[in-house]
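One structure is given here, and the rest of the page talks about it.
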Amino acid sequence: MMGGDMLDPVLLRSFLAVVQTGGFTRAAASLHLTQSTVSQQVRRLEEQLGAELLDRSGRYVVTTTEGERLLGYANRIVALMDEAMLALGQSAVEGEVRLGVPDDFAANSLTPYLADFADAHPGIRLEITSGLSHDVWRAFNAGELDLALIKQRAGSAKGLASWAEPLAWLDSRARPVLARNPVPLAVFPPNGLYRLEMTHALDAMGKPWRIAYVSSSLPGVSAAAEGGLGLTLLPRRLITAAHRELGEAEGFAPVAPVEVALHARNQLPGYARELAAALIEACEGIMSR
């Protein structure tokens, strides 16, 4: 590199996006640029440095030895620029954060924290997807999400932070179904975590069961249990006055807690790390109730 040349942060940001997403197409989408523009910017950076930074020969684009050496510097330069923009009271550099959350965290629980983040970063597009943890996790592994808050079996995948989620057997207080044989169940679709925990536990207890109500909506499953359509298994913190919790006195053994975990992709930009910190703070409060 010539002595008078300086590293262009625009080029560095494109380089980081390709490394973080594993390809030029996803990098272009994350930066709201065309693929050819991102490719040209990375080429310009390579020409400026006189080194090949990316190995494009495989299915996924990876760094060369020179690219790996640049990576740490590039992250620090871009993060410092974002920090400087925030310190000067200006909006952060344009970008986006894609967040996936379970249904029971998507509404009021996280709204104040997400709204605070959006207010502090008007130039950042916050894209939130809610649904079953199985679907959120699949999207995260496909590179479609930057942050994923999911329910998982304890210790199954290490994240940035995790919290135990105690579960409770729930029947209707007004119209109990406990005495029916087989007992009707209100459940999530196949692969839903609570559904698997529930049916495995009932089989272990030797209790006959049948699927009576299926919904991908947590409020729907909860309401079905309240109204007497089926017994269910849900987080204890979601018990309402219309539920009756069942325990050993009714012949229902406790089920091991699941885990709420926050996962993040590698090399998050500074503003995404800030959102992750806010989510951890929010979950600390939610899970301690």
Read through the list (1) open to solvent by 30 Å² or more (accessible area, probe 1.4 Å); (2) over 20 Å from the mean Cα position of the chain (by Cα), then give the number of the only condition that residue 216 fails. (2)
Could you list, in sequence order, the residues of region 236-276 that are part of a helix (DSSP H, G or I), open to solvent by 60 Å² or more (accessible area, probe 1.4 Å) and within 13 Å of residue 147 (Cα to Cα)? 273, 274
Quick check on this structure: which one of 60, 73 is open to solvent by 30 Å² or more (accessible area, probe 1.4 Å), among the hydroxyl-bearing types (Ser, Thr, Tyr) and farther than 22 Å from residue 274 by Cβ? 60
Collect the residues in region 96-116 that are assigned to a helix (DSSP H, G or I) and under 19 Å from residue 140 (Cβ atoms), keeping them in residue-number order. 103, 104, 105, 106, 114
Among residues belonging to region 232-289 that are free of Cβ contacts under 8 Å to residues at least 24 places away in the same chain and aliphatic (A, V, I, L, M), point out the one that is farthest from residue 205 (Cα to Cα). 277
What single numbered condition from (1) assigned to a helix (DSSP H, G or I); (2) touching a residue at least 12 places away in the same chain (Cβ under 8 Å); (3) within 21 Å of residue 265 (Cα to Cα) fails to hold for residue 80? (2)
Pull up region 171-203, narrow it to residues that are among the small types (Gly, Ala, Ser) and more than 17 Å from residue 249 (Cα to Cα), then point me to the one that is most open to solvent (accessible area, probe 1.4 Å). 174
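Among the candidates 175, 76, single out the residue that is under 30 Å from residue 201 (Cβ atoms) and charged (D, E, K, R).
On the way: 76 fails: under 30 Å from residue 201 (Cβ atoms).
When all the criteria are applied, what remains is 175.
The values are calculated or read from the model by the stated rules, or taken from the named source; none is laboratory data. Since this is a predicted model, take the numbers as computed values, not measurements. No Cβ is skipped: glycine too gets one built from the backbone with ideal geometry, and neighbour counts run over all protein chains shown. Note: areas computed on protein heavy atoms with side chains; ligands, DNA, RNA excluded. Shrake-Rupley method; radii C 1.70, N 1.55, O 1.52, S 1.80 Å.
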